[in-house]
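Colleague: The following block contains the structure, expressed as structure tokens.
The values are calculated or read from the model by the stated rules, or taken from the named source; none is laboratory data. The shown structure was predicted, so the numbers you read here are calculated from the model rather than taken from an experiment. So basically every Cβ, Gly included, is an ideal-geometry build from the backbone, and we count neighbours across all protein chains shown.
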Amino acid sequence: MSFDLDLSGGPCAVIDRAALRHNLSVVRSTAPQSKVMAVVKANAYGHGIVQVAQALIAADAFGVARLKEAVALREAGIGQPIVLLEGVFTHQELDVAARLNLETVVHSFPQLAALESWRGARRLSVWCKVDTGMNRLGFRMDEFPLAWSRLNACVSVLPQPRVMTHLAVADERDNTHTPQQVARFATLTNGLNVERSMGNSAGLVAWPDARVEWVRPGLMLYGMSPFAEQVAADLNLQPAMTLVTQLIALRELRVGEEVGYGATWRAPRVAGGGPGRRRHHSFLNH
Ligand SMILES: *Cc1c(COP(=O)(O)O)cnc(C)c1O
């Protein structure tokens, strides 16, 4: 026998579409020359991929990690360019990408070989990812010329593939690693006359040289500061998610009384005012 369990009234994450749009406008004014690939991977960082994409329909493209996220967007009627940031690995996935008119990242030789041996119904728009120092995904600098010429010769790839890289420590404003990555990317791409993409949220805010033809913000669209030393409001960002629930109890404690499992928190003072209140406030701002 089945029964319906009424779970309404529990905690609820409320998503503010106006905040999402406001944050996109902050990206636009920070990088006015760049096109914006709004990163909506991981269910739009937990905010709901379809609703977020609908709210951010003014973005120039959407970036997702997985094929099934792109499928969900297309099924919801999103017609924007969608970029598969992880790329694909099999002919079957390439067929789906072609059918849904997706763009795909090629970051490794196995992916390149899969493209070269594939004969699809239509050619794909491709981003070639180069590793300028994050050492996670992408062709190494010395592999890039070969990968680039093979991509350009590949019959399944549309002309003028684009080039991207990813910054490892863009959130550290005094770290020399980022200018090194930016310089390597410039050296590699300056003669190419193609569209490029480099900066995530931290990159596009903190490093003007990372604002090339495309920027790829994630965090800041959702109203999060990518920097440890600045909260969202410092960057004029608005939190897109608010948790709403019902308080089920309020208690007053005497100074020195402990709370909960392990008794790890001890009341330092009587309620109201003081430093405890401020700490609570900054938590909300993050
Ligand atoms: C997640 C991701 C981004 C967005 O990064 P944020 O720090 O959230 O702005 C950009 N590019 C790639 C390749 C990513 O994987």
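Colleague: For the stretch 16-47, give me each residue that is over 23 Å from Glu195 (Cα atoms) and touching a strand residue (DSSP E or B) at 6+ places or on another chain (Cβ under 6 Å).
Modeller: Here is the first cut: in the stretch 16-47, the residues over 23 Å from Glu195 (Cα atoms) are 16-23, 42-47.
Residue satisfying the conditions is His47 alone.
Colleague: Considering each of Val163, Val194 in turn, give the residue that is within 16 Å of the ligand (Cβ to nearest atom), touching a Lys or Arg at 6+ places or on another chain (Cβ under 6 Å), over 27 Å from Ala232 (Cβ atoms) and not in a helix (DSSP H, G or I).
Modeller: Details: Val194 fails: within 16 Å of the ligand (Cβ to nearest atom).
After ruling out the rest, the residue left standing is Val163.
Colleague: Hey, can you tell me all the residues within the stretch 80-124 that are outside any loop (DSSP other than H, G, I, E, B) and surrounded by fewer than 16 Cβ atoms within 10 Å (Cβ to Cβ)?
Modeller: Filtering the stretch 80-124 down to residues outside any loop (DSSP other than H, G, I, E, B) leaves 82-84, 91-99, 103-106, 109-116, 124.
Once the filter is applied, which keeps residues that are outside any loop (DSSP other than H, G, I, E, B) and surrounded by fewer than 16 Cβ atoms within 10 Å (Cβ to Cβ), the stretch 80-124 yields His91, Gln92, Asp95, Arg99, Phe109, Pro110, Ala113, Glu116.
Colleague: Could you please let me know if Ala121 is over 21 Å from the mean Cα position of the chain (by Cα) and at pLDDT below 95?
Modeller: Values: over 21 Å from the mean Cα position of the chain (by Cα): yes; at pLDDT below 95: yes.
When the stated conditions are applied, Ala121 passes them.
Colleague: Just to verify a result, which residue in the stretch 38-79, among those that are assigned to a loop (DSSP other than H, G, I, E, B) and closer than 20 Å to Arg99 by Cβ, is farthest from the ligand (Cβ to nearest atom)?
Modeller: Out of the qualifying residues, it is Gly77.
Colleague: Here is a follow-up. Would you check if Ile15 is loosely packed, with under 15 Cβ neighbours inside 10 Å and at pLDDT 95 or above? Steps first, please.
Modeller: Working: loosely packed, with under 15 Cβ neighbours inside 10 Å: no; at pLDDT 95 or above: yes.
No; evaluated as a whole, the condition is false for this residue.
Colleague: I'd like the full set of residues that are among the hydroxyl-bearing types (Ser, Thr, Tyr) and outside any helix (DSSP H, G or I), limited to the stretch 197-214. Step through it out loud before you land on a result.
Modeller: First, pick out the residues of the stretch 197-214 that are among the hydroxyl-bearing types (Ser, Thr, Tyr): 197, 201.
Correct list: Ser197 only.
Colleague: Given the residues Gly274, Gly223, Gly218, which is the only one that is at pLDDT below 95 and surrounded by 11 or more Cβ atoms within 10 Å (Cβ to Cβ)? Before you say what the answer is, go through the steps one by one.
Modeller: Numbers: Gly223 fails: at pLDDT below 95; Gly218 fails: at pLDDT below 95.
When all the criteria are applied, what remains is Gly274.
Colleague: Just a yes or no: is a residue in the stretch 240-247 within 16 Å of Asn200 (Cβ to Cβ), at pLDDT 95 or above, outside any loop (DSSP other than H, G, I, E, B) and within 25 Å of the chain's Cα centre (by Cα)? It would help to see each step written out before you state the result.
Modeller: Step one: of the stretch 240-247, the residues within 16 Å of Asn200 (Cβ to Cβ) are none.
No, the stretch 240-247 contains no residue that is within 16 Å of Asn200 (Cβ to Cβ), at pLDDT 95 or above, outside any loop (DSSP other than H, G, I, E, B) and within 25 Å of the chain's Cα centre (by Cα).
Colleague: Tally the residues that are within 16 Å of the ligand (Cβ to nearest atom) and β-branched (Val, Ile, Thr), restricting the search to the stretch 173-186.
Modeller: Of all residues in the stretch 173-186, those within 16 Å of the ligand (Cβ to nearest atom) come to 173, 175, 177-178, 181-182, 185.
Next, from what is left, pick out any that are β-branched (Val, Ile, Thr): 178, 182.
Residues flagged as within 16 Å of the ligand (Cβ to nearest atom) and β-branched (Val, Ile, Thr) within the stretch 173-186 amount to 2.
Colleague: While we're looking at this one, here's another question. Here are some conditions: (1) within 16 Å of the chain's Cα centre (by Cα); (2) farther than 17 Å from Val169 by Cα; (3) assigned to a loop (DSSP other than H, G, I, E, B). Pro217 meets all but one. Which one does it not meet?
Modeller: Pro217 satisfies all of (1) within 16 Å of the chain's Cα centre (by Cα); (2) farther than 17 Å from Val169 by Cα; (3) assigned to a loop (DSSP other than H, G, I, E, B) except (2).
Colleague: Give the residue that is nearest to Ala206 (Cα to Cα), with candidates limited to residues of the stretch 27-37 that are touching a helix residue (DSSP H, G or I) at 6+ places or on another chain (Cβ under 7 Å) and in a helix (DSSP H, G or I). Outline the logic, then answer.
Modeller: So in the stretch 27-37, the residues touching a helix residue (DSSP H, G or I) at 6+ places or on another chain (Cβ under 7 Å) come out as 27, 30-31, 36.
If we keep only those that are in a helix (DSSP H, G or I) too, we end up with 27, 30.
Values: Val27: 12, Thr30: 10 Å.
Going through the qualifying residues, I end up with Thr30.
Residue-wise test of (1) assigned by TED's automatic domain parsing to the domain that holds Trp127; (2) within 27 Å of Ala42 (Cα to Cα); (3) within 16 Å of the ligand (Cβ to nearest atom).
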{"site": "Trp148", "(1), (2), (3)": "yes, no, no"}
{"site": "Cys154", "(1), (2), (3)": "yes, no, no"}
{"site": "Asp171", "(1), (2), (3)": "yes, yes, yes"}
{"site": "Leu188", "(1), (2), (3)": "yes, no, no"}
{"site": "Phe227", "(1), (2), (3)": "yes, yes, yes"}
{"site": "Ala233", "(1), (2), (3)": "yes, yes, no"}
